[in-house]
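The values are calculated or read from the model by the stated rules, or taken from the named source; none is laboratory data. Fair warning: this is a prediction, and the values are worked out from it, not measured in the lab. So basically every Cβ, Gly included, is an ideal-geometry build from the backbone, and we count neighbours across all protein chains shown. These accessible areas exclude ligands, DNA and RNA; they are computed on the full protein's heavy atoms, side chains included. Shrake-Rupley method; radii C 1.70, N 1.55, O 1.52, S 1.80 Å.
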Amino acid sequence: MSEIDPEALQRMMMAQGGAPFFQAVGGQIVESEPGRSLMRLPYSPFIVGNPDTGVVHGGVITGMLDHACGMAVGSQLGALSATPGAMRSIATLDLRIDYMKAAKPDADIFIVGECVKVTRQIVFARGRAYQDEDDTVATATAAFIITDMKS
Amino acid sequence: MELLARAAREGRTLEIAELLEAVPYCAWLGLKGRVDGDSVVLEMPFEQKLIGNPILPAIHGGVIGSLLETAAIVQTIWTTKATRFPKPVDITIDYLRSGRAVTSYAGARLARQGRRVVSVHAQMWQDDENKPIAALRGHFLLAE
């Protein structure tokens, strides 16, 4: 894959970390490198989906997985190196989530995104959410289309 | 504290608005709902915090997923008269069009209702119901 310059990666972390929804739910970027991202979502009462159990809404986990996969893909493409607005250059085509285990209330959720394969037009990514490293909460399979091809 | 079970014991069905207000994340998203025949239609007014891409601007893919999943769950509760919240097993979301900075709507139908699991199809649209911006298929476990 193409090299990405550290400044471009930094800009991308700012752009992804600064997405209003990501910030509003309290998401934090822990690590980012080309093709991989790690995020953390602290527990807060307003992201609860089941008031009987305090379990976080599946949609929040979906959102974090989408975000982590998008960031992994964006960094792999090095798309942001040209202009700060280059996050436009990928769009999610589809996202499949398997909810394997309800997330425990009052505990952080970690989300990893990984870029699996870049083709000329499509990029494939995987994601995983967990609280304990070896106990998966949810997995994601995503496909993105590159919308801003440079010839 | 068991919202749906308590309503059932009181011999009533929870109003959609009551349900959405009782779920913190749905309240945070600003969701409203109405019933049209046997179908529930959810409404999500646009807010700045829903944005994923500030440049376009476009609603975050995770917000789109959240609205679709909520539509699926609320329709499942409504149709099955569930006394516990259905648990998502898996979902697949197709992103069809960019989610613009306007009010969004979503509705769902149960493609199959089994004893333990339901298969649900949901759609989200903005100005034109015939031009969905996203669609979901998913399975949800019904509590016994």
Of every hundred units of 1.4 Å-probe accessible area on the protein assembly as shown, the number belonging to carbon and sulfur atoms, as a percent, is 50 percent
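So with the 1.4 Å probe, I'd like the accessible area per residue for the protein assembly as shown, rounded to whole Å².
I get 45 Å² per residue for the protein assembly as shown.
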With a ≥ b ≥ c from the Cα gyration tensor eigenvalues, square-rooted, and the rule rounded for a/c under 1.5, otherwise prolate when a/b > b/c and oblate otherwise, the protein assembly as shown is prolate
Within the protein assembly as shown, helix-based [θ] at 222 nm, where runs of 4 or more DSSP H residues each add -39,500 (n - 2.57), nearest 500: -8000 deg cm²/dmol
Principal-axis tilt of helix B:61-80 within chain B, Cα atoms, nearest 10 degrees: 30 degrees
Between the range B:85-121 and the range A:23-60, what is the separation of their alpha carbon centroids in Å? 20 Å
Using a Förster distance of 45 angstrom, determine the FRET efficiency expected from the C-beta separation of A:Asp52 and A:Thr147, and round it to 0.05. 0.60
Counting only protein chains, not ligands or nucleic acids, how are B:Lys49, B:Lys131 ordered by accessible area (probe 1.4 Å), most first? B:Lys131, B:Lys49
Based only on the alpha carbon positions, what is the Kirkwood hydrodynamic radius of chain B, in angstrom? 15.4 Å
So, in nm, how far is label B:Asp94 from label B:Asp38 when the simple model puts each one 7 Å beyond its Cα toward the Cβ? 2.4 nm
Is there a simple number for the mean count of other chain Cβ atoms within 10 Å of the Cβ of residues in B:82-88, and what is it? 4
Nearest 100 Å² is fine: how much accessible area is buried between B and A, summed over both sides, with a 1.4 Å probe? 2800 Å²
At least 20 Å² accessible surface lost relative to isolated chain, residues of the range B:6-42 (1.4 Å probe): B:Val23, B:Pro24, B:Tyr25, B:Trp28
For the pair B:Glu15 and A:Thr136, what calculated FRET efficiency results from E = 1/(1 + (r/R0)^6), where r is the Cβ-Cβ distance and R0 = 51 Å, to the nearest 0.05? 0.90
